[in-house]
Amino acid sequence: MGVTIRELKQSKDLVQTLLTIQDISYNEWLHEKHQDYIQQNQDVVMKSLLHYKGMDEENNNKNI
């Protein structure tokens, strides 16, 4: 079973409280986490973009 809305809210509230105590903005912290995740998965993004580009070029060649 996945995480419940209640569990998500409890976690978020706790993190917001801890960050507030440290004078850190929750939104800035969350943005940083998003950026970290994107950076850690850049290879997936690049593979997807290259795959898409290859498919696009293949479709363009079929239309000629």
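The values are calculated or read from the model by the stated rules, or taken from the named source; none is laboratory data. All figures in this text were calculated on a predicted structure; none of them were measured in a lab. Quick reminder, even Gly has a Cβ in these numbers, built from the backbone with ideal geometry, and neighbours come from all protein chains shown.
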Filter the stretch 1-16 for residues that are assigned to a loop (DSSP other than H, G, I, E, B) and of a type outside the set (Gly, Ala, Ser); the one that is modelled with the highest pLDDT is THR4
Selection from the stretch 22-51 of residues in a helix (DSSP H, G or I), over 19 Å from LYS9 (Cα atoms) and under 13 Å from the mean Cα position of the chain (by Cα) yields GLU32, GLN35, ASP36, TYR37, ILE38, GLN39, GLN40, GLN42, VAL44, VAL45
- On the given criteria, is ILE64 at pLDDT 95 or above, out of contact with any strand residue (DSSP E or B) (no Cβ under 7 Å at 6 or more places or on another chain), loosely packed, with under 10 Cβ neighbours inside 10 Å and not basic (Lys, Arg)? no
Scanning the stretch 1-12 for residues that are loosely packed, with under 11 Cβ neighbours inside 10 Å and of a type outside the set (A, V, I, L, M, F, W, C), the one nearest to LYS33 (Cα to Cα) turns out to be LYS9
> Just to be sure, is LEU19 in contact with a Ser or Thr (Cβ under 8 Å, 6 or more places away or on another chain), surrounded by 10 or more Cβ atoms within 10 Å (Cβ to Cβ) and assigned to a helix (DSSP H, G or I)?
Replying inline: yes
